[in-house]
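These notes concern the structure reproduced below.
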Amino acid sequence: MKKLNKGLAKAVVYSGVNVQAGEEVYVISSVDAVELTHEIVKLCYERGAKRVIVRYRDGELTKLDFAHQSVETLTNKPKFVYDERNYYADVDGCVINIICEDPNGLEHADAAKITAARRADMKNLSPYYDKAMSHKIKWSIIAYPHPAWAKLMFPDLKERDAYKKLGKYIAKTTRVDNDDPVKAWKKHSEKLKTRCDRLNAAGITRMHYKNKLGTDVYVGLPEGYVFSGGAEDCNGVMFHANMPTEEVFSAPDCRNIDGVIKAAMPLCYNGKIIENIELTLKGGRITEAKASTNQDVLQGIIDTDEGSRSLGEIALVPYDSPISKLNTLFYETLFDENASCHFAIGQAYPTCVKGGDSMSKEELSKRGINDSDVHVDFMVGTKDLEITAETKDGKTLKVFENGNFTKDFE
Ligand code: ZN
Ligand code: ZN
């Protein structure tokens, strides 16, 4: 794991949040990722960080909280719990989030409790999320092997072997098995940018998704839509919000989505696995939501607020992406979303329309940019997915064929 620790630390500090001299860094880690955390903090100081504060999460404690606290208590945490993260919005700091947990950790917890607590957290952290979502601060999410996560992915292997294998998969998909992860990330990011440029120049008004699984949906794009991918710009400093990332994404016009969307992979949400999601949308509203497991959790997400009844992200990922090629479900959105084209229920990134980061909520809503307290990705890409685009000048363009970008957009 030593090599993985060094590689991941370098990738997240240099290419992830891209720490600059004098900056403050907040690391949200896990008690199961202490060594990686030490490497990260060391590198942050090497790059001249002014102060690094680490908050360790502990999956066992989270479990106990949900078992013993009432909804009232879970949704009324003391203010200082949130002040810490919101502080980094105030000082324009960097936030590194290390996911290292059992995806099934909250299997036995009450779904309504989880939804309510998550919602209260998002609300109370809105100073942070508002800035993070519009790229006014630099943030980055990475993942680290956890024994229970590894066992879930590779049930036939011994615990130690499964753990090692997950480490290898993480190294591969985050391009840190490479001698120079920073260079590899730069090259990868440039490729994603080219795809964005091509999509942004095409003048698309509406996309049509169709596959054998049963997805058949028309998705309108807002005027002045912007596809982004790879590095993001925060006041002139580039950062990568997700590592890995394979997607180029924008926002749909949340008033203009019609048809049926079937998820191509199970969705792991707050420790619950939701399988065979099927959404029907009319005029941008989800009118019907089905799932073969944990349908109540799915309904809980959709019932969060007005905005969670529509979609806020449309992301394109080739079926031949490195994560997809591993042909393994990670039970973790950070990886699985990068294996496949996806949509998100809820919040859209304001930066998905030109000038969006300086628009008011009203202006954004006039453009069809969705607003919600939740943002939940679910995967729709399959190896036969076809996407065609209608353009402003009345053309029809093929964007995806057999699950991958066509030559025109690659
Ligand atoms: Zn995405
Ligand atoms: Zn997303």
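Data overview
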| quantity | calculated |
| --- | --- |
| Carbon plus sulfur fraction of accessible area for the chain, probe 1.4 Å, in percent | 49 |
| Cα-based shape type of the range 59-109, given that a ≥ b ≥ c are square roots of the gyration tensor eigenvalues and the cut on a/c is 1.5 | oblate |
| Highest-first arrangement of 145-153, 344-352, 81-89, where packing means the average Cβ count within 10 Å | 344-352, 145-153, 81-89 |
| Trypsin sites (Lys or Arg not before Pro) restricted to the range 190-251 and DSSP loop, no more than 16 other C-beta within 10 Å | Lys212 |
| When the convex hull of its Cα atoms is projected in every direction, mean area for the range 76-179 (nm²) | 9.0 |
| From phi via Karplus (6.51, -1.76, 1.60), per-residue ³J(HN,Hα) for the range 248-262 in Hz, x at Gly/Pro | 10, 9, 8, 10, x, 6, 5, 9, 9, 9, 9, x, 10, 10, 10 |
| Debye, to nearest 20: dipole size of the chain, +1 on Lys, Arg Cβ, -1 on Asp, Glu Cβ | 880 |
| The chain - Kirkwood radius from inverse mean 1/r over Cα pairs (Å) | 21.6 |
| Approximate shape of the range 6-140 as ellipsoid semi-axes (Cα gyration tensor, √5λ), whole Å, largest first | 28, 18, 11 |
| Share, in percent, of DSSP beta bridges within the chain that are antiparallel, nearest 5 | 75 |
| For peptides 215-222, 160-167, sequence by mean Cβ density within 10 Å, most packed first | 215-222, 160-167 |
| Expected 222 nm ellipticity per residue - DSSP helices of 4 or more, -39500 (n - 2.57), all of the chain, to 500 | -9500 deg cm²/dmol |
| 16 Å Cα-Cα reach of Lys113 towards lysines, excluding residues that sit fewer than 8 places from it in its own chain | Lys63, Lys77, Lys123, Lys272 |
| About the Cα centre, charge dipole magnitude for the range 24-133 (Lys/Arg +1, Asp/Glu -1 at Cβ), debye | 380 |
| Loop trypsin sites (Lys or Arg not before Pro), the range 354-410 (other Cβ atoms within 10 Å of the site Cβ: 10 or fewer; DSSP) | Lys392, Lys407 |
| Inter-centroid distance (Cα atoms) of the range 202-258 relative to the range 1-28, Å | 27 |
| Leading residue at positive end of dipole, the chain (Cβ point charges), from His108, Leu221, Met238 | Met238 |
| Charge dipole (the range 95-169, unit charges on Cβ, about Cα centre) - positive-most of Ile99, Ala162, Ala150 | Ile99 |
| DSSP-loop GluC sites (Glu not before Pro) across the range 232-290, with at most 15 other Cβ within 10 angstrom | none |
| Residue-normalised accessible area of the chain, expressed per residue, 1.4 Å probe, Å² | 44 |
| Cross-link pairs beyond the 30 Å C-alpha cut-off, checked among Lys136/Lys191; Lys3/Lys131; Lys354/Lys407; Lys3/Lys354 | Lys3/Lys131; Lys3/Lys354 |
| The range 107-230: radius of gyration and largest Cα-Cα distance (Dmax), Å | 20.1, 52 |
| Cα Rg over Rh - the range 313-390, Kirkwood | 1.05 |
| Cα radius of gyration and Dmax for the range 159-274 (Å) | 17.9, 51 |
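The values are calculated or read from the model by the stated rules, or taken from the named source; none is laboratory data. Note that this is a predicted model, so its numbers are computed, not measured. Glycine gets a Cβ as well: all are built from the backbone with ideal geometry, and neighbour counts include every protein chain shown. The accessibility values were calculated without ligands, DNA or RNA, using every heavy atom of the protein model including side chains. Shrake-Rupley method; radii C 1.70, N 1.55, O 1.52, S 1.80 Å.
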